[in-house]
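The values are calculated or read from the model by the stated rules, or taken from the named source; none is laboratory data. Since we're looking at a predicted model, the values are computed, not measured. Glycine gets a Cβ as well: all are built from the backbone with ideal geometry, and neighbour counts include every protein chain shown. Only protein heavy atoms, including side chains, enter the accessible area calculation; ligands, DNA and RNA are left aside. Shrake-Rupley method; radii C 1.70, N 1.55, O 1.52, S 1.80 Å.
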Amino acid sequence: MRRILGIAAVAAICLAPAAYAATDAECQDMWKKADVNADGVLSDMETTRYTAAMRIRDRAPPADGRLTQAAFMDSCKADVFARRTVDAGAPLKGANSFTEAQARDRAAAEGYAGVSALAKDADGIWRGTATQDGKTVSIAVDFKGNVVGQPAS
């Protein structure tokens, strides 16, 4: 009997949904903040963060650069736009295979705008500047995709 209960418990854990999935309300709130001009579609600067996140997660962003609310909601509910947890001690040294464009996408997906030309340092970390909340920050993107920002000096 214990064995059957143990197998059932393991099966329940394996079949359980992901620990976190964005709710309809969370996705609607995110949409309202993203659709700055309230025209029902994300375009131009509104879409930068979201199309970058889609590229990172192997979801094709819209070819015309315009993200509809329906497509946004589908991706949101699939946690495509969820912020990534940064590893302790990041940025981490290591062989970085990201191209500059891929590093730029990771920064954009985390909410950094106006990312400058990035340069990879001797530790394999892409470094540059960007803006966040209207302030210039120094950013670093490591080989694991961690994006770290701090006030520019």
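Results for (1) open to solvent by less than 70 Å² (accessible area, probe 1.4 Å); (2) in contact with a Leu (Cβ under 6 Å, 6 or more places away or on another chain), shown as yes or no for each residue.
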residue	(1), (2)
D24	no, no
D29	no, no
A34	yes, yes
G40	yes, no
T47	yes, yes
T51	yes, no
M54	yes, no
G65	yes, no
**OP:** Give the residues of the stretch 71-99 that are among the aliphatic types (A, V, I, L, M) and either without any contact (Cβ under 8 Å) to a residue 60 or more places away in the chain or over 17 Å from E26 (Cβ atoms) (or both), sorted by residue number.
**Re:** A71, M73, A78, V80, V86, A88, A90, L92, A95
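Being hydrophobic (A, V, I, L, M, F, W, C), closer than 23 Å to T85 by Cβ and either out of contact with any Phe, Trp or Tyr (no Cβ under 8 Å at 6 or more places or on another chain) or touching a residue at least 24 places away in the same chain (Cβ under 8 Å) (or both) is the filter here, so list the residues in the stretch 100-122 that pass it.
Going through the stretch 100-122, the residues hydrophobic (A, V, I, L, M, F, W, C) turn out to be 101, 103, 107-109, 113, 115, 117-119, 122.
Retained after the next criterion (residues that are closer than 23 Å to T85 by Cβ): 103, 107-109, 113, 115, 118.
Result: A103, A107, A108, A109, A113, V115.
If you go through the stretch 130-153 one residue at a time, how many are touching a residue at least 24 places away in the same chain (Cβ under 8 Å) and within 15 Å of E110 (Cα to Cα)? Steps first, answer last, please.
Taking the stretch 130-153 as the starting set, the residues that turn out to be touching a residue at least 24 places away in the same chain (Cβ under 8 Å) are 137, 139-149.
Subset that is within 15 Å of E110 (Cα to Cα): 137, 139-142, 144-149.
Final tally of qualifying residues: 11.
Which members of the stretch 78-98 meet the condition of being among the β-branched types (V, I, T) and open to solvent by less than 60 Å² (accessible area, probe 1.4 Å)? Write out each step before concluding.
Within the stretch 78-98, the first condition is being among the β-branched types (V, I, T), and the residues that meet it are 80, 85-86.
If the condition is that a residue be among the β-branched types (V, I, T) and open to solvent by less than 60 Å² (accessible area, probe 1.4 Å), then V80 is the only one that fits.
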